[in-house]
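Derivation of every value follows stated rules applied to the coordinates shown; laboratory data play no part. Every value quoted in this text rests on a predicted model; they were computed, and no experiment measured them. FYI the Cβ positions are ideal-geometry reconstructions off the backbone, even for glycines, and counts take in every protein chain you see.
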Amino acid sequence: MFNKAALIPLLLQMLSGILGAIIVQIALVHSNPQIVTVDITSIVKSFENELLQQKLSQTDMTEKVTRFSNAMNSTITEFGNDNHKILVIKDAVISGGKDETDSIKQMIKKRMES
């Protein structure tokens with residue numbers, strides 16, 4: 001014979017376990033980071049061209065290069081963390097991967113202006 005009083009808590013425990021497993025699975029599925037590409041070479045060359053057109057002193061140029069380097073590093077890190085994405089250098093990817101170069105470039109420019 002089944003003990004009805006023990007069956008209800010057992011079923012509730014099983015349902016709670018199943019619900020917990022579903023929640024964990026949903027969290028894992030939605031936490032998979034997307035791989036995107038960034039053309040670092042084009043970003044650096046673009047900055048280099050802009051810098052050379054400005055005819056700055058060596059000190060000013062060094063300061064701008066340092067600011068750019070810091071802005072690029074922090075932007076890439078922030079972009080990856082905030083958007084849950086893994087950034088890969090575009091030249092290292094044979095095919096596939098969404099290109100986020102323009103987004104990164106705009107974020108760096110905004111950071112440089114502030």
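Which of the residues spanning segment 45-64 are exposed (fewer than 14 other Cβ atoms within 10 Å of the Cβ) and either touching a residue at least 24 places away in the same chain (Cβ under 8 Å) or acidic (Asp, Glu) (or both)?
Hits for segment 45-64 are GLU48, GLU50, ASP60, GLU63.
Looking at segment 88-104, which of its residues are over 13 Å from the mean Cα position of the chain (by Cα) and either within 16 Å of GLU48 (Cα to Cα) or hydroxyl-bearing (Ser, Thr, Tyr) (or both)?
SER95
Can you name the residue in segment 66-87 that is surrounded by 15 or more Cβ atoms within 10 Å (Cβ to Cβ) and of a type in the set (A, V, I, L, M, F, W, C) and, of all such residues, is nearest to the chain's Cα centre (by Cα)? Outline the logic, then answer.
Initial filter on segment 66-87 (surrounded by 15 or more Cβ atoms within 10 Å (Cβ to Cβ)): 68, 71-72, 75-76, 79-80, 85, 87.
From the residues that got through so far, the ones that are of a type in the set (A, V, I, L, M, F, W, C) too are 68, 71-72, 76, 79, 87.
Working: PHE68: 19, ALA71: 15, MET72: 13, ILE76: 7, PHE79: 4, LEU87: 6 Å.
Residue satisfying both the conditions and the ranking: PHE79.
So how many residues does segment 66-95 have that are charged (D, E, K, R) and farther than 16 Å from MET112 by Cα?
4
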